[in-house]
Amino acid sequence: MTADLVLRHATVVDPISETASADQAIRITAGRITSVSADPGGPAGADELDATGLFAVPGLIDCHVHVTAVSADLGSVADRSPAYVTAQASHLLEDMLARGFTSVRDVGGADFGLAAAVEQGLFAGPRIFFGGKALSQTGGHGDLRPAGRDVHDQHYAVPGLGRVCDGVDEVRRAARDEIRRGAHHLKLMLSGGCASHTDRVDSLQFSDEEVRAIVEEAAAAKLYTAGHAYTTEAVNRGLELGVRTIEHGNLLDATSIELFLRHNAYYVPTLVTYQALLEQSRALGFTEEQYAKVLQVSENGFQALRLADEAGVRIAYGSDLLGAMQSRQSEEFSLRGKVQAPGAVLRSATTVAAELLRQEGSLGVLAPGALGDVVLTRGNPLEDLDVLAEPAAGVTTVIQAGIVRLQR
């Protein structure tokens, strides 16, 4: 769905030049921006939106979400009704849009049906760039069976976040199947994780041959791979084998930074999820082992971000929150602001995120030809990230493809 709209008297924020141009008019026709120019003057008309005193920011992009993670107990999601999970996901998506996120990249769980439902306006939400089910080895981060269960139901209607595949032939078949179902990228598990019960954070997952096979299948389909990894060893191995985006990477070091730059790869930290997990670990029923894993990666996340930022690695915005914790999605802005300059943080959720999605010129900018995704804020995020970190107070209007989705 698209629409025509004219925004009047806005102050337009450019994330690249880190400038704010006052008294601008933004014209959106058939869902795309046709002009951004000096306002012609006079009051806004009845069919125009008056943005006097407000800052126009490109629609925000979160590059690491799980919109079907309706519970922090990821293993239980697979046992729920797909209809129930979709209904819950619709509310999570609507809330994301209200925070100013007009596009998201789902890295495990969302599929072609959920993306189509949003695209066709069956419910409101960010447009979804999905990878389908994340690929995992047996016992890997995407294998959420408890130790006492043997059966893993691979039927695609089961709303789990991952699928299990072992050996080069199986991973090729799984990769091709996700591509057949319309995936925009392939997600694979390169190391253990915090939410899974049966693998260590510092474990390495998939063989080199299996990773290469997944990377090759993605490249053959003109797609790319996203790799879940925490340790230096896992991060570096993924980058050397051709994985394009590294998710989390909390325990990386300077050798990882060299590889990011050499391979023109993207880094997607997810600081807020560890903050939320630590604060709610008891309520979530975390075991001592799970709590220790979260604490370990949390303590190193800011240092990893600092290393990447200082070296000029391309860093995209990610949140990775689960269940009800997804309400904290925007807090990632303030956490990153402890390390990065506001302009860098804003670019991570706009221009850099658009490049990661291969949507340069269409997303992340307010310029002719781009989709008409605009967030109006009460302050300038280049000076105060809190206007994005606290959207209930800072965001007044969310526009997606020319349609006003929210007005406060």
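The values are calculated or read from the model by the stated rules, or taken from the named source; none is laboratory data. Note that the structure is predicted; figures quoted are calculated from it, not measured. Backbone-built Cβ (ideal geometry, glycine too); neighbour counts: all protein chains shown. Just so you know, the surface numbers come from the protein's heavy atoms only, side chains and all, with ligands and any DNA or RNA stripped out. Shrake-Rupley method; radii C 1.70, N 1.55, O 1.52, S 1.80 Å.
Structure values in brief
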| read-out | value |
| --- | --- |
| Magnitude of the charge dipole, the stretch 22-97, Cβ model with Lys/Arg +1 and Asp/Glu -1, debye to 20 | 240 |
| Label-point separation in nm, A311 to E279, each point 7 Å along Cα→Cβ | 3.1 |
| Order of exposure, largest accessible area first, which applies to R378, R172 with probe 1.4 Å | R378, R172 |
| Rounded FRET efficiency, nearest 0.05, which uses the C-beta distance separating S362 from R408 and R0 of 30 Å | 0.65 |
| Heavy atoms of D150 accessible to a 1.4 Å probe, total area in Å² rounded to 10 | 130 |
| For the chain: relative contact order, % (alpha-carbon pairs under 8 angstrom, 6 or more apart) | 20 |
| Charged-residue dipole, Cβ positions (Lys, Arg, Asp, Glu), the chain about Cα centre, Debye nearest 20 | 560 |
| 21 Å Cα-Cα reach of K187 towards lysines, excluding residues that sit fewer than 8 places from it in its own chain | K133, K222 |
| Mean residue ellipticity (222 nm) of the chain, computed from DSSP H runs ≥ 4 via -39,500 (n - 2.57), nearest 500 | -9500 deg cm²/dmol |
| Fully extended contour minus Cα-Cα distance, from A220 to Y156, at 0.36 nm per residue | 20.7 nm |
| Qualifying aspartates and glutamates (Cα of each under 12 Å from Cα of K293; at least 8 residues distant if same chain) | D199, D202 |
| Point-to-point label distance, S37-E94, nm (Cα→Cβ direction, 7 Å offset) | 3.9 |
| Computed accessible area, R347, all protein chains, 1.4 angstrom probe, square angstrom | 60 |
| Accessible area of the chain divided out per residue, in Å², using a probe of 1.4 angstrom | 38 |
| Rounded to 10°, Cα long-axis angle of helix 288-311 versus longest principal axis of the chain | 50 |
| Nearest-0.05 FRET efficiency for T52 and L295, computed from C-beta distance (R0 41 Å) | 0.30 |
| H197 versus R176: modelled label distance in nm, points set 7 Å from Cα along the beta carbon direction | 3.5 |
| On Cα atoms only, tilt of 208-220 relative to the major axis of the chain in degrees | 40 |
